[in-house]
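One structure is given below, encoded as C-alpha cells.
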Ligand SMILES: Nc1ncnc2c1ncn2[C@@H]1O[C@H](COP(=O)(O)OP(=O)(O)OP(=O)(O)O)[C@@H](O)[C@H]1O
C-alpha cells in the first residue's frame, strides 16, 4: 500500500525561467513534506509534475519505480490523490456527492458506489468535522468550508500519496491546525503509512507539522531536508527576500519578520 515517490535530476521551467534545477529527492512513507517558497517560485508547477499532470523540462518523477507519465490514469488515481489550489463548482451538488466523486478510481463493475465507498466518504467528512454538511449544496458553503470539503474528498480517494496545493489557504487558524492534525495522523498512525506533500505559506505551521520541507527560492534552487533545518531563519530570509528571526518561548519557536523602520 505504501507509495514510493522519487524525483531524479528534475528540472522545471516556465517560459525562459528555471523554477527547479536538477532536483534529486525521495519522499518516503510516513513523511509529511511542506513545499514552501515565494509567490511564483514553482510550488504548483512542482506538485503538478509530481502528480504526473505535466511533463518536466528534464529528469524524471517515478512512483513505485514507474515514471508517472507511464501509469494508466485509473491506476495512478488509486496511488496518488491531488487536491488542486482551487475548485470551481458548476452545479449545486451535495457535499456527499462531491466527496463521493473521488471514489471514482475504486468503482468496479457497472460503476455503482458500494457501501464501502459510502462509508469512506462519510468517514472522511466525519474526520474533518463535516458530517452535518453532507446534504448541503456546495454552492452554499463558505470558502473555508468548501476547502475542507475538497480535503475530505482527497482523503476519501484513499491513496497512499497525497499531493495538496495550499490546502489551508482559506482556513482560520483553528481549522488549519485541525486539518494538519488529521493529515499528520493520516500519514503516520495508520498501519499503511502514507506520504503527504503540501504547499503552504505559513512557515510556522510547516515547522510544527511537517517532518520535511522543500524550500524553493524562485531561481531554481531547492533546499530539502528536515523541516526545521530547511525552514531556518537564514534560509527563509534568503528565499523570501525579507529578514526573519527565530524567537523562542519555552518549548515554542516562531519565525517572525524583523521590524523595519521605514526610511522617510
Ligand atoms: N504558461 C506560462 N508561461 C509563462 N510563465 C508561466 C506559465 N505558467 C506558469 N508560469 C509561471 O511559472 C511560475 C511558477 O508558477 P507556480 O504557480 O508554480 O508558482 P507558485 O510557487 O505555486 O506560486 P503561488 O505561491 O503564487 O501560488 C510563475 O511565475 C508563473 O507566472
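No lab work stands behind these numbers, since they all come straight from the coordinates. On a predicted model such as this, the values are computed, not experimentally measured, just so you know. Because the Cβ atoms are built from the backbone with ideal geometry, glycine has one as well, and the counts that use them run over all protein chains shown.
In a Gaussian network model over the chain where Cα atoms closer than 10 Å are linked, find which of 93, 120, 239 has the largest mean-square fluctuation.
93
Say we join alpha carbon atoms closer than 10 Å with springs in a Gaussian network model of the chain; which of 63, 246, 46 then has the biggest fluctuation?
Among 63, 246, 46, the largest GNM mean-square fluctuation belongs to 246.
How big is the chain by the Kirkwood estimate over distinct Cα pairs, in Å?
Values: mean 1/r = 0.0518 Å⁻¹.
Mean inverse Cα-Cα distance, inverted, gives 19.3 Å.
How far is helix 115-127 tilted, in degrees, relative to the longest principal axis of the Cα atoms in the chain, given as a value from 0 to 90 rounded to the nearest 10?
So the helix axis and the longest Cα principal axis differ by about 40 degrees.
Hey, in the GNM for the chain with a 10 angstrom Cα cutoff, which one of 162, 216, 107 fluctuates hardest?
Checking each option, the largest mean-square fluctuation is seen for 107.
How high is the relative contact order of the stretch 5-257, in percent, counting Cα pairs under 8 Å that sit 6 or more residues apart?
Working: 480 pairs, mean separation 66.1, N = 253.
Over the stretch 5-257, the number comes to 26 percent.
What Kirkwood hydrodynamic radius do you get for the stretch 116-259 when you take the inverse of the mean 1/r over all pairs of distinct Cα atoms, in Å? Display every interim value, and only then the final one.
Numbers: mean 1/r = 0.0598 Å⁻¹.
Result for the stretch 116-259, one decimal place: 16.7 Å.
I need 200, 34 ordered by Cβ neighbour count within 10 Å, fewest first.
Working: 200 23, 34 28.
Lowest to highest Cβ neighbour count: 200, 34.
Would you work out the Kirkwood radius for the stretch 1-134? I mean one over the mean of 1/r across all pairs of different Cα atoms, in Å. Provide the component values of the computation, followed by the final result.
Details: mean 1/r = 0.0585 Å⁻¹.
The answer is 17.1 Å.
Note the angle between two axes, namely the Cα long axis of helix 143-156 and the longest principal axis of the Cα atoms of the chain, as a number of degrees from 0 to 90, rounded to the nearest 10.
70
Order these by the 10 Å Cβ neighbour count, fewest first: 91, 104, 27. All intermediate terms of the calculation are to be shown ahead of the outcome.
On the way: 91 9, 104 13, 27 22.
Ordered from fewest to most neighbouring Cβ atoms within 10 Å, 91, 104, 27 come out as 91, 104, 27.
In whole Å, how far is the Cα centre of the stretch 57-76 from that of the stretch 78-104?
22
Is it possible to state the helix-based mean residue ellipticity at 222 nm for the chain, with each DSSP H run of 4+ residues giving -39500 (n - 2.57), the sum divided by total residues, to the nearest 500 deg cm²/dmol? What is it? Present the calculation step by step, with values, prior to reporting the outcome.
Values: 9 runs with 85 residues, N = 264.
After summing the helix terms and dividing by the residues of the chain, the value is -9500 deg cm²/dmol.
Quick one: order 112, 186, 33 by neighbouring beta-carbon count within 10 Å, fewest to most.
Working: 112 8, 186 17, 33 25.
Fewest-to-most Cβ neighbours within 10 Å comes out as 112, 186, 33.
Between 0 and 90 degrees, rounded to the nearest ten: what's the tilt of helix 173-188 against the longest Cα principal axis of the chain?
That helix lies at roughly 70 degrees to the long axis.
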